[in-house]
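Only one structure is covered here, and it is reproduced in the block below.
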Amino acid sequence: MPNTEAVRVTIFNQTYSLVASEEPGRIEHLAERVDDLMSSIAVRAGTSTPLARRPGMSPLGRRAESLERRLASLKENIDHKARKFTILLDEAMSGEPVAD
């Protein structure tokens, strides 16, 4: 049975009471991400009023979380390839295979 606990969150100085269909902590985390994102947009736009203050901001928080995971994955992939490249470069320079 899904969780139906009410969760109060503040996004861009506006308090919302949400019914959590997920863990309340996750909803709070997503709300913090949305708040950070909206504050960042407001700073860049030079305004203290959000461009669109609407319900349904949860997808925005999930999208930010998804992008963070993808970025972390890409960074890990780059680190792995850099290590492999270093090993290959060491082998090429020494003329001998280097152990992983």
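Derivation of every value follows stated rules applied to the coordinates shown; laboratory data play no part. All of these numbers come straight from a predicted model, not from anything done at the bench. Virtual Cβ from ideal backbone geometry, glycine too; neighbours counted across all protein chains shown.
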Worksheet, complete the sentence: Two pseudo-spin positions, 7 Å from Cα along C-beta at Ala92 and at Ser21, lie apart in nanometres by 5.3 nm
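Find out how many positive minus negative residues lie around Glu68, taking Lys and Arg as positive, Asp and Glu as negative, among other residues whose Cβ is under 12 Å from that of Glu68. Working shown, then result.
Numbers: positive: Arg33, Arg62, Arg63, Arg69, Arg70, Lys75; negative: Asp36, Glu65.
Combined, the nearby Lys, Arg, Asp and Glu give +4.
If R0 is 22 Å, what FRET efficiency do you get for Ala72 and Arg8 from their C-beta distance, rounded to 0.05? Could the numbers behind the result be given before it?
Working: r = 30 Å, r/R0 = 1.35.
After rounding to 0.05, the efficiency reads 0.15.
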